[in-house]
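The values are calculated or read from the model by the stated rules, or taken from the named source; none is laboratory data. What you are looking at is a predicted structure, and each value in this text was computed from that prediction instead of being measured. Virtual Cβ from ideal backbone geometry, glycine too; neighbours counted across all protein chains shown.
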4 protein chains.
Amino acid sequence: MDDMETMKRFIDRDRYARYLGAEICRWGEGYASARLELREEHLNSVNTVHGGVIFSLADCAFSAASNSHGTVAVAIQVCISFFKAVSGGTLHAEAREVSRNPKLATYMIEVSDDSGSLIGLFQGTVYRKSTPIEEIIG
Amino acid sequence: MDDMETMKRFIDRDRYARYLGAEICRWGEGYASARLELREEHLNSVNTVHGGVIFSLADCAFSAASNSHGTVAVAIQVCISFFKAVSGGTLHAEAREVSRNPKLATYMIEVSDDSGSLIGLFQGTVYRKSTPIEEIIG
Amino acid sequence: MDDMETMKRFIDRDRYARYLGAEICRWGEGYASARLELREEHLNSVNTVHGGVIFSLADCAFSAASNSHGTVAVAIQVCISFFKAVSGGTLHAEAREVSRNPKLATYMIEVSDDSGSLIGLFQGTVYRKSTPIEEIIG
Amino acid sequence: MDDMETMKRFIDRDRYARYLGAEICRWGEGYASARLELREEHLNSVNTVHGGVIFSLADCAFSAASNSHGTVAVAIQVCISFFKAVSGGTLHAEAREVSRNPKLATYMIEVSDDSGSLIGLFQGTVYRKSTPIEEIIG
C-alpha cells in the first residue's frame, strides 16, 4: 500500500508525461501500461503521429515499470522500431520486464493503436541506482 | 531557393516540434541542427530532462536531415544512448547522414548541452519513399 | 513441399553458420529456431561465450525467418541486449515475426541457454527485395 | 608498458576472434582497430559477408577499446546498421569511446571495406565492473 502510494507520487511528478498527455493506467512490479489520446499537437509534418510521441509514450511506461522495485532506474540505451503511421485515436503502451539483476534491467514496450495493431516496439535498458524512490520524491 | 522554401514549409508543418519547443536552426542536403530551451514541462519524475524530450529533439533533426533530398523519408528503426542527466539550459542536436541509397538512409544525431557535453547519441534509419515532399505539403 | 526444399537449400548455403556450428532446427513462414553447441572456439577473453557468437546464432534464425516468404530479405538494423554470461552447453534461438509489409519486416529473436534462461534479446529489421529466393540459389 | 603487456595477453585469450580470423591491430585507452581477411567461411546464403561476421569484427574492437582502462567491461546493449554487402577483401573496424563514467561507457565502431566505404555502424554500451583485467588473465 505504501509502495503503491510512493509509486503514484513518483508518476505524478512527471511533468513531461502530463504536458504530452500520457497517462499511466496500471503499474506494478516490473510492468506498467500507459495511454495517450492523440491530438493535433502530436502530429508531424506528414500528418501522422510524430516518432517522438510514440517513443515518449513508451518511455513513460518504461520509466514506471523500471522504477517499480523501490530504487531509481535511469535509461541508458533504447532501440525502437516503427511499423505503422497513425493519425488519430488513442495509443496504448504495455511495458514488461524481460531481465533484471541488481545493476541492470531490460524492458520491452509494445505500442498499439485502437485497432490493436502494433505500431512500435521499444527495447530499453536501465541502470539501477541504489537511491530509494522515496528519497527522490521527498 | 525553391527547395529551401519547400523544406521550410515542411518543417513548419511539424505540430509536435512546435508544441515541444524544438526549433530547426539549420538544414541542408543530409544534415540539420535543432535546439530546445528547457522548461519545467520537459522534466521527468527525478527533475531531469525526460528521455522522450531528448529523443524527440534528435528526431526533429533526423526528420529534417532525412527529408532534405526532395522525397518523403519515414523512420523505421532508431537506437539512442543516454549519457548525462541535465535539468536546464538549452539542448542542441546535430544530424548528419552516414549512409544513403535510393531506398534507405542512416543518420547519427548528437545531442549536447550548453557546456558542449554529449548527453545522447541517436542512430536512426529511414525508408525513403518516392513521394515528393511538395506533394505532401500541398 | 517445393518451398520447403528451396528453403532448405537456401539455409544449407550459409557457410558461416556451418563454420560457427549453428544449426537451423525448424523454419516456416515468419519463424525459425536455431541452436549451437558451445565449444572452446566460441569463448572470449573472460572465458564466456563471445557476444559475436550470441549475435551470430540469433542472426542465423533471423535470416531463416525473414527469408521464408519467397523473396530475399537483407538486414538493415539490429539491436541486441545481453543478459547473462554462459560458458558451455547449448544455445537456443527462436525467431518470430512481429511486423511485415511488402518492403520491411521486423523480428524478435530470443536466445536462451540450456536452463531456459534468456541470455540475449535481438530486435532486427530487414529490407525485403523483390528477388525470388530461387533465383539466388540457382 | 605493463599495461600494454596485460592488454596484449587479454586480447590473445579471445578464442573466438582467432577462430573467426579477426586481428586487433592497434589499441589504447578508449580505442582499438581490428581487421579481418574475408574467406569462404565468412559468407552467408547469398554469397555476401554474414551480418554475424560484421558484428563480430566490430565486437572485437569494442571489447579491446572498452577493456582498455584496466577493469573488465561487459557488453549490455548494441545497435548495428548494415549499409553495403561485400563479398571479399579485408574488413576494417575502428572503435572510439564516446562516453564513459565509472559504471558505463559507450563506443562507436565503424566497419569499412578495402575501398574505405562504410559497410556497418555499431553503437555499443558496456557495464564496467570493478574486477581488474589482471585478475582475469591470471
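Assorted remarks:
- Test: residue in region C:29-46 that is touching a Lys or Arg at 6+ places or on another chain (Cβ under 6 Å) and in contact (Cβ under 8 Å) with a residue 60 or more places away in the chain: yes
- From the options C:Ala93, C:Ala58, residue that is in contact with a Lys or Arg (Cβ under 9 Å, 6 or more places away or on another chain), aliphatic (A, V, I, L, M) and more than 22 Å from B:Ser81 (Cα to Cα): C:Ala93
- Unique match (being surrounded by 21 or more Cβ atoms within 10 Å (Cβ to Cβ), in contact with a Ser or Thr (Cβ under 9 Å, 6 or more places away or on another chain) and of a type in the set (Phe, Trp, Tyr)) among D:Tyr16, D:Tyr31: D:Tyr16
- Against the list (1) modelled with pLDDT under 95; (2) of a type in the set (Gly, Ala, Ser); (3) closer than 21 Å to A:Val126 by Cβ, the condition B:Gly70 fails is (3).
- Positions within region D:90-128 being loosely packed, with under 15 Cβ neighbours inside 10 Å and in contact (Cβ under 8 Å) with a residue 40 or more places away in the chain, in sequence order: D:Thr90, D:Arg96
- No other residue among B:Arg96, B:Arg100 is more than 12 Å from the chain's Cα centre (by Cα), at negative phi and not acidic (Asp, Glu) apart from B:Arg100.
- Looking at region B:36-138, the strands (runs of 3 or more DSSP E) lying wholly inside it that each contain 3 or more residues that are within 13 Å of chain A (Cβ to nearest Cβ) and in contact with a helix residue (DSSP H, G or I) (Cβ under 9 Å, 6 or more places away or on another chain) sit at B:71-82, B:104-112, B:118-132.
- Condition met for C:Met7 (at pLDDT 95 or above, buried (at least 18 other Cβ atoms within 10 Å of the Cβ) and more than 8 Å from chain D (Cβ to nearest Cβ)): no
- Residue in region A:73-90 that is out of contact with any Ser or Thr (no Cβ under 9 Å at 6 or more places or on another chain), at pLDDT 95 or above and of a type in the set (D, E, K, R) present: no
- Of residues in region D:46-66 being surrounded by fewer than 24 Cβ atoms within 10 Å (Cβ to Cβ) and in contact with a strand residue (DSSP E or B) (Cβ under 9 Å, 6 or more places away or on another chain), the one modelled with the highest pLDDT: D:Thr48
- Some residue of region C:15-25 being in contact (Cβ under 8 Å) with a residue 24 or more places away in the chain, more than 8 Å from chain D (Cβ to nearest Cβ) and aromatic (Phe, Trp, Tyr): no
- Selection count where residues are among the small types (Gly, Ala, Ser) and more than 23 Å from D:Asn101 (Cα to Cα), scope region A:100-132: 5
- Of residues in region A:67-86 being touching a Lys or Arg at 6+ places or on another chain (Cβ under 8 Å) and over 28 Å from C:Val78 (Cβ atoms), the one surrounded by the most Cβ atoms within 10 Å (Cβ to Cβ): A:Val72
- Tally of residues being among the charged types (D, E, K, R) and part of a strand (DSSP E or B) across region D:1-26: 2
- Scanning region D:33-54 for residues that are over 13 Å from C:Cys60 (Cβ atoms) and out of contact with any His (no Cβ under 8 Å at 6 or more places or on another chain) gives D:Glu37, D:Leu38, D:Arg39, D:Glu40, D:Glu41, D:Val46, D:Asn47, D:Thr48, D:Ile54.
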